[in-house]
Amino acid sequence: MHLSALSTLVPFIAAIGSANAWFRLPCTDPVVQERIDPIVQPGVVSQHVHTVHGAINFGRSATYDTLRASSCTSCLVKEDLSAYWTPTLYFKDPNNGQFEKVPNGGLLIYYQNRGTQDRINGGPGLKAFPPGLKMVTGNPAWRSKKTASP
């Protein structure tokens, strides 16, 4: 009986020493769901609807400075005044042909470890993103996961 418990515990203890650091940033209800994209189409109506989480000052012409001036965020780490947005998902009702928004239960953002840059590995540790960082992923023209990457 003791050998069985020990054989379960040893791999667990070994894994703790080699675990990679990461943390999750949960965001609750969206700030807005509108045709807005201040990176790809700043100042104008976007090509499609986005669901936005994060800093409350999000808008068509949002910038690093306007987001940092936000009084609150929809994310649980109140110091994070970034904005996170994704295309809004819709479902086409087979009975009436109408499109309905898929309910949004929130957003969970993962920040992964930095390998040799983590403090535990002798690196300087976690650093904030540089002011004005903009990141775009994906391709709005793709319609399936079978589409080849560029």
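Could you tell me whether any residue of segment 87-107 is among the hydroxyl-bearing types (S, T, Y) and modelled with pLDDT of 90 or more? The answer is yes; a qualifying residue exists. The condition (being among the hydroxyl-bearing types (S, T, Y), modelled with pLDDT of 90 or more and in contact with a helix residue (DSSP H, G or I) (Cβ under 9 Å, 6 or more places away or on another chain)) is satisfied by just one residue among S61, S71, S82: S82. Take the conditions open to solvent by less than 100 Å² (accessible area, probe 1.4 Å) and in contact (Cβ under 8 Å) with a residue 12 or more places away in the chain and apply them to N104. Does it pass? Judged against the criteria, N104 is a match.
Across segment 61-76, which residue is nearest to P103 (Cα to Cα) among those that are open to solvent by less than 60 Å² (accessible area, probe 1.4 Å), touching a residue at least 12 places away in the same chain (Cβ under 8 Å) and not in a loop (DSSP other than H, G, I, E, B)? Only one residue tops the list, namely C75.
Across segment 107-136, what is the number of residues that are open to solvent by less than 100 Å² (accessible area, probe 1.4 Å) and either under 21 Å from Y84 (Cα atoms) or not polar (S, T, N, Q) (or both)? Explain how you work it out, then say what you get.
Taking segment 107-136 and keeping what is open to solvent by less than 100 Å² (accessible area, probe 1.4 Å), we get 107-109, 111, 113-115, 117-118, 121-125, 128, 130-133, 136.
Within this subset, residues satisfying the condition of being either under 21 Å from Y84 (Cα atoms) or not polar (S, T, N, Q) (or both) are 107-109, 111, 113-115, 118, 122-125, 128, 130-133, 136.
Number satisfying all stated conditions: 18.
Contact map, segment 46-60: residues that are touching a residue at least 60 places away in the same chain (Cβ under 8 Å) and open to solvent by 10 Å² or more (accessible area, probe 1.4 Å) paired with residues that are in a loop (DSSP other than H, G, I, E, B) and of a type outside the set (D, E), Cβ distance under 9 Å, separation 6+ or inter-chain. Pairs shown: Q47/R35; Q47/V40; Q47/Q41; Q47/P140; H48/R35; H48/T88; H48/P140. Residue check: W22 meets all listed conditions (1) under 16 Å from L89 (Cβ atoms); (2) modelled with pLDDT under 95 but one, namely (1).
Take segment 25-74 and flag every residue that is of a type in the set (V, I, T), more than 20 Å from L133 (Cα to Cα) and more than 16 Å from the chain's Cα centre (by Cα).
Of all residues in segment 25-74, those of a type in the set (V, I, T) come to 28, 31-32, 36, 39-40, 44-45, 49, 51-52, 56, 63, 66, 73.
Checking the rest, the ones that are also more than 20 Å from L133 (Cα to Cα) come to 28, 31-32, 44-45, 49.
Selection gives V44, V45, V49.
Within segment 78-101, being open to solvent by 60 Å² or more (accessible area, probe 1.4 Å), closer than 23 Å to P26 by Cβ and not in a strand (DSSP E or B) holds for K78, E79, L89.
The values are calculated or read from the model by the stated rules, or taken from the named source; none is laboratory data. Just so it is clear, the model here is predicted, and its values are computed rather than measured. Cβ: placed from backbone, ideal geometry, glycine included. Neighbour counts: every protein chain shown. Only protein heavy atoms, including side chains, enter the accessible area calculation; ligands, DNA and RNA are left aside. Shrake-Rupley method; radii C 1.70, N 1.55, O 1.52, S 1.80 Å.
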